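Report on the following structure.
The values are calculated or read from the model by the stated rules, or taken from the named source; none is laboratory data. What you see is a predicted model, and the numbers here were worked out from it, not measured in a lab. Don't worry about glycine lacking a Cβ; one is built from the backbone with ideal geometry, like all the others, and counts go over all protein chains shown. The protein model used for the area step is the full one, side chains on, heavy atoms only, and it has no ligands, DNA or RNA in it. Shrake-Rupley method; radii C 1.70, N 1.55, O 1.52, S 1.80 Å.
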Amino acid sequence: MNSQLQTKHKAVGLLSGGLDSTLAAKIIHDLGFEIHGIYFSMPWGCCHKDKAQEVADKLNIKFIVMHLDEQYLEIIKKPRFGYGTALNPCKDCRIHMFSRAYEYMKSINADFIFTGDVLGQRPMSQLQNSLRLIEKESVVEGHLVRPLSAKLLKPTIPEEKGILDRTKLFGFSGRSRKAQIKLAEEFGITDYPNPAGGCLLTDKNFSRRMKDIFKHGYRDFNEAVGLQWGRHFRIDENFKAILGRNAAENETIVHHAHQNDFIMALEDKEGPTLILKGDNPSEDVFQVAAGLVQRFSKYRDNSSMKVSCQCVRTPGKPRSITAKILDNSQIEEMKV
Ligand code: SF4
């Protein structure tokens, strides 16, 4: 391929910060393409933003962050192609990301999108049929290159047009990562994270919390983001409580509270912070929430204590609530 011609072509790469997408970026970069790297920021883990940024910096390529937002919650709620082991809608998730990357590709007149997908590596989204389905549904058909497995897949449009030299791509498949590790050595890539397993949607406990807000409702995206911190309890269908498990979580849950929520803590502040979620709680709901604060403090076996409470929207002088004493079975019943 004429290298002067190649430099005129652009490619959009999905960067996760993991080894496979790093290798894919390096392969396409070394073939002379101008690369725009997209990192999808997912509130519940999965990828490695710092690493992805590092890859972009090292290869001197553009780095664009796209956020998965409210619209993505609808995908989790009703995925067209089902879930993986928990609440992870991997096929729909990939379709969503590829569709957005494709829009970006068109907007900058790039020739194709590429990913670090390896045929057969992940059961739900990387089997031959899944790769094809994802490609078709995200309308990127023909424009999606998987440099690590390209030789095992149908030639793409840039390959057919001669923009991308198929002989320079690879034919990796399966769950073993030996071939990728060997290629990383050849490229001198040594510092890469373990395969991403951090997507909380694949976690059954986290999924239970997500299902709970789908059932009972949420007021904004932040409430879904905040599901990852603290202990969660459903008091009744309109109210739930989140308790921090340490000082850092106490701060984080306050930061993610809704304007109509209430912040509760023991009056001496020794113990967890609780966020009571829901609009206009009754006195009984306040007392149960106060009971949870006491229960998860060092005063759990004391007689009923006073818990301070103030609304996020109107922080003023906190009011004092008498904690309801809760037994184990009540706590267990409320756990989400
Ligand atoms: S594990 Fe699945 S749901 Fe989670 S980010 Fe990856 S593709 Fe999306």
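Calculate what fraction, in whole %, of the accessible area of the chain sits on carbon and sulfur atoms when a 1.4 Å probe is rolled over the protein chains. Write down the numbers at each step before the final one.
Values: 7960 of 16260 Å².
Carbon with sulfur: 49 percent of the solvent-accessible area.
Amide H contacts of HIS9: GLU34, each under 5 Å away and 5 or more positions distant or on a separate chain (H built 1.01 Å from N in the peptide plane; Pro and chain starts excluded).
Strictly greater than 22 Å: what percent of every Cα pair in region 185-288 meets that? If you can, show how the numbers build up before the last one.
Details: 2070 of 5356 pairs.
Above the 22 Å cut-off, region 185-288 has 39 percent of its Cα pairs.
The accessible area of HIS216, taken with all protein chains in place and a 1.4 Å probe, comes to roughly 60 Å².
Report the full-extension gain for the segment ARG166 to ASP30: residue separation times 0.36 nm, less the Cα-Cα distance, to one decimal in nm.
Answer, rounded to one decimal: 47.6 nm.
In order along region 313-321, phi translates into HN-Hα couplings of 5, 10, x, x, 6, x, 8, 10, 10 Hz, rounded to whole numbers, per the Karplus curve 6.51 cos²θ - 1.76 cosθ + 1.60 with θ = phi - 60° and x for Gly and Pro. Could you give the size of the charge dipole of region 3-187 about its Cα centre, using +1 on the Cβ of each K and R and -1 on the Cβ of each D and E, expressed in debye and rounded to the nearest 20? It comes to approximately 440 debye.
Per residue, how big is the convex hull of the chain when only Cα atoms are used? Give it in Å³. Kindly include the intermediate steps, with their values, before the conclusion.
On the way: hull volume 51.0 nm³, N = 336.
Cα convex hull per residue, to the nearest whole number: 152 Å³.
Only Lys, Arg, Asp and Glu carry charge here, each on its Cβ (+1 for the first two, -1 for the last two); on that basis the chain has a dipole of about 640 debye about its Cα centre.
Across every pair of different alpha-carbon atoms, what Kirkwood hydrodynamic radius in Å does region 17-58 reach?
Working: mean 1/r = 0.0924 Å⁻¹.
With all distinct Cα pairs of region 17-58 included, I get 10.8 Å.
By the Cα gyration tensor, region 3-187 has an equivalent ellipsoid whose semi-axes, rounded to whole angstrom, run 24, 18, 17 from largest to smallest. Farthest toward the positive end of the dipole of region 3-187, out of GLN128, THR167, ALA150, is the Cα of GLN128, where the dipole comes from beta carbon charges about the Cα centre. Projecting the Cα atoms of GLY17, ALA52, ALA179 onto the charge dipole of region 3-187, computed from C-beta unit charges around the Cα centre, puts ALA179 farthest toward the positive end. For region 212-259, a simple Cβ point-charge model (Lys and Arg +1, Asp and Glu -1, everything else neutral) yields a dipole of about 120 debye relative to the Cα centre.
I'd like to check one number: the per residue accessible area of region 217-325, probe 1.4 Å, reported in Å² as a whole number.
Details: 5190 Å² over 109 residues.
For region 217-325, the solvent-accessible area averages 48 Å² per residue.
Taking the alpha carbon gyration tensor of region 76-176, multiplying each eigenvalue by 5 and rooting it gives semi-axes of 23, 18, 9 Å, largest first.
When the listed pairs LYS26/LYS49; LYS277/LYS324; LYS78/LYS211; LYS106/LYS136; LYS51/LYS151 are checked against a 22 Å cut-off, the alpha-carbon distance exceeds it for LYS51/LYS151.
Which of the trypsin sites (Lys or Arg not before Pro) found in region 167-208 are in a DSSP loop and have at most 13 neighbouring Cβ atoms, other than their own, within 10 Å? Intermediate values should be presented prior to the final figure.
Values: sites: LYS168, ARG175, ARG177, LYS178, LYS182, LYS204, ARG208; in loops: ARG175, ARG177.
Of the trypsin sites (Lys or Arg not before Pro), the ones in loops of region 167-208 whose Cβ has at most 13 other Cβ atoms within 10 Å are ARG175.
Compared with the direct C-alpha span, the chain from ILE64 to ASN109 gains 14.6 nm at full extension, assuming 0.36 nm per residue. Spatially, region 80-139 and region 301-329 are offset by 48 Å when compared through their Cα centroids. The orientation-averaged projection of the convex hull spanning the C-alpha atoms of region 229-334 amounts to 6.0 square nanometres.
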